Amino acid sequence: MKRKYLKWYVLAALVALAAVYLAVPQVRDYVGQIASVLGSANVDAVVEFIRSYGGWAAAVSFFLMVFSSVAAPLPAFLITFANAAIFGWWQGAILSWSSAMAGAALCFFLARALGRDVVEKYAGRGALASVEHYFEKYGRNTILVCRLLPFVSFDAVSYFAGLTPVGFWAFFFATGVGQLPATIVYSYVGGMLTGGVRYFVTALLCIFALSIVGVIAKGIYNDRQARKDAAARGSDSGE
């Protein structure tokens, strides 16, 4: 019963946020600015955006990471690079890891509260399908394995885990352990890269991220085509 009410509370909160987004031009412009900065694939643009907040830079970076987790598939590694450039590699690593953990937890609880039907409409059936076979293959070790695989969507795993019987703390621990190596490597490398080398590495990672988006988009397209074909067959049989 409590879970049923929780679902409606979360939906009400999401509707309220959507209403604010639609009704307040400043909010809409700010969200658009964030999406534009993160979608630019330009580390320097992300660095400049975060630094512009002065003493609030760490808090803004934290928010950006959580935002990119929930609003997949925005490239979170750009924020990790930016954090390393602004705060130093190990301080940046701590900030990036902790904010990614917060984003993963939020995705998990959203999925658990809203259920599969709502999550599929938001995150996309293809996104969930892209990680479902990992859960079928690796069972209880899936989350740790997926966090160690850079080509598996971080957000899709978090959402799908919330739809499974796995407990939150088991999910949180596996995410923390699995995410740590990549965060350290990205932060250390990001802190050292400058000039053309940084753009080269960023471009490679963007291509990598786009390939993930392509796989998810293909899954969504195939799913829609399958439903259309099934509906057409049902219509033909009815005649």
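Quick test for you: out of 10, 66, 46, pick the one residue that is part of a helix (DSSP H, G or I) and touching a Gly at 6+ places or on another chain (Cβ under 6 Å).
Selected residue: 66, the only one of 10, 66, 46 that is part of a helix (DSSP H, G or I) and touching a Gly at 6+ places or on another chain (Cβ under 6 Å).
Please enumerate the residues belonging to the stretch 127-156 that are part of a helix (DSSP H, G or I) and of a type in the set (A, V, I, L, M). Give the derivation first.
Looking only at the stretch 127-156, we keep the residues that are part of a helix (DSSP H, G or I), and these are 127-148, 154-156.
Residues satisfying the conditions are 127, 128, 129, 131, 143, 144, 145, 148, 156.
I'd like the full set of residues that are touching a residue at least 24 places away in the same chain (Cβ under 8 Å), over 14 Å from residue 83 (Cβ atoms) and of a type in the set (S, T, N, Q), limited to the stretch 23-61.
Correct list: 42 only.
Kindly indicate the residue of the stretch 111-160 that is among the small types (Gly, Ala, Ser) and within 21 Å of residue 77 (Cβ to Cβ) and also surrounded by the most Cβ atoms within 10 Å (Cβ to Cβ) among those meeting that condition. Walk me through how you get there before you give the answer.
Of the residues in the stretch 111-160, the ones among the small types (Gly, Ala, Ser) are 111, 113, 115, 123-124, 126-127, 129-130, 139, 153, 156, 158.
Those still in the list that are within 21 Å of residue 77 (Cβ to Cβ) too: 123-124, 127, 130, 153, 156, 158.
On the way: 123: 24, 124: 20, 127: 27, 130: 21, 153: 23, 156: 26, 158: 29.
If we take residues in the stretch 111-160 being among the small types (Gly, Ala, Ser) and within 21 Å of residue 77 (Cβ to Cβ), then 158 is surrounded by the most Cβ atoms within 10 Å (Cβ to Cβ).
For residues in the stretch 81-110 being buried (at least 22 other Cβ atoms within 10 Å of the Cβ), more than 16 Å from the chain's Cα centre (by Cα) and aliphatic (A, V, I, L, M), which is farthest from residue 54 (Cα to Cα)?
93
Return the residue satisfying two criteria in turn: it lies in the stretch 107-159 and is among the polar types (S, T, N, Q) and modelled with pLDDT under 85, and of such residues it is farthest from residue 65 (Cα to Cα).
Filtering the stretch 107-159 down to residues among the polar types (S, T, N, Q) leaves 130, 141-142, 153, 158.
With modelled with pLDDT under 85 added as a condition, the list becomes 130, 141, 153.
Working: 130: 22, 141: 25, 153: 15 Å.
So, considering only residues that are among the polar types (S, T, N, Q) and modelled with pLDDT under 85, the one farthest from residue 65 (Cα to Cα) is 141.
The values are calculated or read from the model by the stated rules, or taken from the named source; none is laboratory data. Please read all numbers here as calculations on a predicted model, not as lab measurements. Cβ coordinates were reconstructed from backbone atoms using ideal geometry, including for glycine residues, and neighbour counts include every protein chain displayed.
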